[in-house]
Amino acid sequence: MERIWAKAAAVACIHPGWPILTGRDAVMESWRRILSGPAPSSVPVEPDVIFAGETALVVCFESLDGGKGWCAATNAFVREGGEWRMVLHQAGPAPKPAEPPPAKAPRAN
């Protein structure tokens, strides 16, 4: 997580059922807490990538514990030091997605 998240840009994170976390220290501490305990496995499903200049959005479903639960997630990335770094993760409960559509190509705006 330390490598994925932006270091210079402002960051925010909203885990399901958690308050809004802002600032890198708070976000990193949240991931330390999650990853140090028994966390459910999370697999992205149906990711859709949207590029807008130096910003990219990835929206997807997250399958929890092999499909026992579902979340919808938004992840925002910016270019930092020539690499994509996350500045936002937000996930919340969602119903199981419908039958998967065909794979999507990344879109530019």
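Structure summary
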read-out: Subset tally (residues that are touching a Phe, Trp or Tyr at 6+ places or on another chain (Cβ under 8 Å) and free of Cβ contacts under 8 Å to residues at least 40 places away in the same chain) for segment 32-55; value: 2
read-out: Number of the exception - Ile4 against (1) loosely packed, with under 13 Cβ neighbours inside 10 Å; (2) hydrophobic (A, V, I, L, M, F, W, C); (3) under 11 Å from the mean Cα position of the chain (by Cα); value: (1)
read-out: Positions within segment 27-41 being among the polar types (S, T, N, Q) and surrounded by 14 or more Cβ atoms within 10 Å (Cβ to Cβ), in sequence order; value: Ser30
read-out: Answer residue from segment 7-26, given it is within 16 Å of Ala73 (Cα to Cα) and surrounded by 18 or more Cβ atoms within 10 Å (Cβ to Cβ) and is modelled with the lowest pLDDT among those; value: His15
read-out: Qualifying positions in segment 55-109 - modelled with pLDDT of 95 or more and of a type in the set (S, T, N, Q); value: Thr55, Thr74, Asn75, Gln90
read-out: Boolean, Gly69 is closer than 23 Å to Pro93 by Cβ, surrounded by 12 or more Cβ atoms within 10 Å (Cβ to Cβ), more than 16 Å from the chain's Cα centre (by Cα) and not aromatic (Phe, Trp, Tyr); value: yes
read-out: Condition check for Ala52: surrounded by fewer than 16 Cβ atoms within 10 Å (Cβ to Cβ), at pLDDT below 90 and not charged (D, E, K, R); value: no
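The values are calculated or read from the model by the stated rules, or taken from the named source; none is laboratory data. Predicted, not measured: the structure shown is a model, and the values here were computed from it. Every residue, glycine among them, receives a Cβ derived from its backbone with ideal geometry; neighbour counts consider all protein chains shown.
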